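Single-structure report; data block below.
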Amino acid sequence: MRPVHAMLAAVPLLCAAPAAAAEPTIDEAVNQAQRVLDDPRNGEVVTSIMDTLTDAFLNLPVGDIQAASEGRVATPEEKRLTVRDIARRDDPQFEARLKSQLAQSGPALRQSMHSLSAALPALAKSFEDAGKAIERMKANMPDPTYPKR
């Protein structure tokens with residue numbers, strides 16, 4: 001199974017249990033999430049996705065928007081203008097620097113995923129405790145339909 005497929009297959013496990021299966025316990029959900037976060041292939045997948053999304057963003061046409069903001073109709077040349085073109089105007093090395101920064105962010109991203117994985121048990125416990133506190137608070141609230149004296 002390709003890493004991206006493995007990651008996508010894990011998403012439903014993190015979000016909800018299948019209807020036929022019992023809902024996973026908090027510990028099971030945390031363990032599933034930790035397996036996904038700790039798998040180094042998933043860090044590579046996220047880095048690859050970031051690279052693809054960056055390219056898609058840089059290819060967005062913005063000439064029409066720029067012309068409309070200036071109260072005029074875009075020329076055919078402006079209609080082909082992209083975010084990448086505008087960024088290159090001020091900095092011809094913009095794209096090369098951006099790609100370099102993305103490549104350097106991979107290890108930091110993987111470390112962040114690992115740190116989140118390590119923090120998940122404590123986060124889950126905090127959320128569980130907060131949920132119990134809210135339930136206690138709700139149980140102690142006066143009933144608005146109770147007759148007043």
message: Here is a list: ARG88, ARG110, ARG84. Which entry is within 17 Å of GLY43 (Cα to Cα), in contact with a helix residue (DSSP H, G or I) (Cβ under 7 Å, 6 or more places away or on another chain) and of a type in the set (Lys, Arg)?
response: ARG110
message: Looking for something surrounded by 13 or more Cβ atoms within 10 Å (Cβ to Cβ) and either of a type in the set (D, E, K, R) or under 22 Å from the mean Cα position of the chain (by Cα) (or both) - is there at least one such residue anywhere in the range 132-148?
response: no
task: Could you check ALA17 against (1) surrounded by 11 or more Cβ atoms within 10 Å (Cβ to Cβ); (2) in a helix (DSSP H, G or I); (3) modelled with pLDDT under 90 and say which number it fails?
output: (2)
message: For the range 69-127, give me each residue that is exposed (fewer than 14 other Cβ atoms within 10 Å of the Cβ) and either of a type in the set (Val, Ile, Thr) or assigned to a loop (DSSP other than H, G, I, E, B) (or both).
response: GLU70, GLY71, ARG72, VAL73, THR75, ARG80, ASP91, PRO92, GLN93
- line: Only unsatisfied item for THR47, checking (1) exposed (fewer than 14 other Cβ atoms within 10 Å of the Cβ); (2) of a type in the set (Val, Ile, Thr); (3) part of a helix (DSSP H, G or I), is (1)
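The values are calculated or read from the model by the stated rules, or taken from the named source; none is laboratory data. Source: prediction; values computed, not measured. Don't worry about glycine lacking a Cβ; one is built from the backbone with ideal geometry, like all the others, and counts go over all protein chains shown.
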